[in-house]
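> What follows is a single structure, and I will ask about it in a moment.
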Amino acid sequence: MAVVAIPPEAVDNKPHRSPRHHPLTKLKNPTTMTNTELKELIASLILAQKETDKQIKETDKQIKETDKELRMLQKKTDKQLNELGKQIGGLGEKFGSFTEGLALPSMQKILQKEFKMEVISPSVRVSKNGHHLEIDVLAYANGEINEAYVVEVKSHLREEAIQQLRSILERFRLFFPEHKDKKVFGVLAAVDMSADLRGRVLREGFYAARIKDEVFKLDVPKGFAAKAY
């Protein structure tokens, strides 16, 4: 077989083992290569392909392992968030119970002294025809006064509490038909009540009560006339 002469500077005898130095980067015209050179070129291409396949497999393995770790971490995080939510919920219930307990002695004095109530019942729960109603404090008097007071106690007063009290008063006689002839008034007692929300409470016709010297006291302007339901 005739051998074509190739100038020494055209021959690249360095091994090509990395994709950075791929065999095709310095590929000569096949018509000027010997059989040996062609075989070496093919062998180097096969080796480069094997290395590429190996790297792809390793990358795929790393991706799968990372995905698995992320899934496990997500499950752990979800569990921790659920536990934290339960703890926060429990803390809120405890703080709410503490606030109600703090308010009760003060509200008893207010209801008895200011409004002449005869019966004062904390934590009243009523169920009728599949409907439920909860009241923090219910007070009433029969006879000459013939009035009832619904007291809602909050640690931090929000707009929803005002709507909640209005809803309770509007449905009061459905749950307490025995008090259908009474005038019913609402009282909102809160540890933290902003000036804006206090104004909103008063405009709704409810009594406002706030903490002062560690006891709840009525906080209404002189001559305030509450709305009777």
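FYI, it's all coordinate maths here, none of it is from the lab. Nothing here was measured: the structure is a model prediction, and the numbers come from that model. Neighbour counts run over all protein chains shown; Cβ positions are idealised from the backbone, glycine included.
> How about LYS128: which aspartates and glutamates have a C-alpha closer than 16 Å to its C-alpha, ignoring those fewer than 8 places off in the same chain?
GLU170, GLU178
> In whole percent, what relative contact order does the range 103-218 give with Cα contacts below 8 Å and a gap of six or more residues? Intermediate results must be reported in sequence, preceding the final value.
Values: 190 pairs, mean separation 26.6, N = 116.
With pairs under 8 Å counted, the relative contact order is 23 percent.
> Over the Cα atoms of the range 103-218, Rg to Rh with Kirkwood Rh, two decimal places? Mind dumping the intermediate values first?
Working: Rg = 13.7 Å, Rh = 14.4 Å.
In the range 103-218, Rg relative to Rh is 0.95.
> For MET107, MET72, which order do you get if you count the other beta carbons within 10 Å of each Cβ and list the fewest first? Each step should come with its number before you reach the end.
Numbers: MET107 26, MET72 10.
Ranking MET107, MET72 by Cβ neighbours within 10 Å, fewest first, gives MET72, MET107.
> Report the antiparallel proportion of the DSSP beta bridges in the range 103-218 as a percent, rounded to a multiple of 5. Each step should come with its number before you reach the end.
On the way: 18 of 31 bridges.
Once the DSSP bridges in the range 103-218 are tallied, antiparallel ones form about 60 percent.
> Next up: What do you get for trypsin sites (Lys or Arg not before Pro) in the range 99-178 restricted to DSSP loop and a cutoff of at most 16 other Cβ within 10 Å of the site's Cβ? Mind showing how you got there, number by number?
On the way: sites: LYS109, LYS113, LYS116, ARG125, LYS128, LYS154, ARG158, ARG166, ARG171, ARG173; in loops: LYS116, ARG158.
For trypsin sites (Lys or Arg not before Pro) across the range 99-178 that sit outside H, G, I, E and B with at most 16 neighbouring Cβ atoms in 10 Å, the list reads LYS116, ARG158.
> Beyond 22 Å between alpha-carbons counts as too far, so tell me which of LYS113/LYS222; LYS182/LYS222; LYS182/LYS227 fall in that bin.
On the way: LYS113/LYS222 17 Å; LYS182/LYS222 25 Å; LYS182/LYS227 13 Å.
Pairs exceeding the cut-off: LYS182/LYS222.
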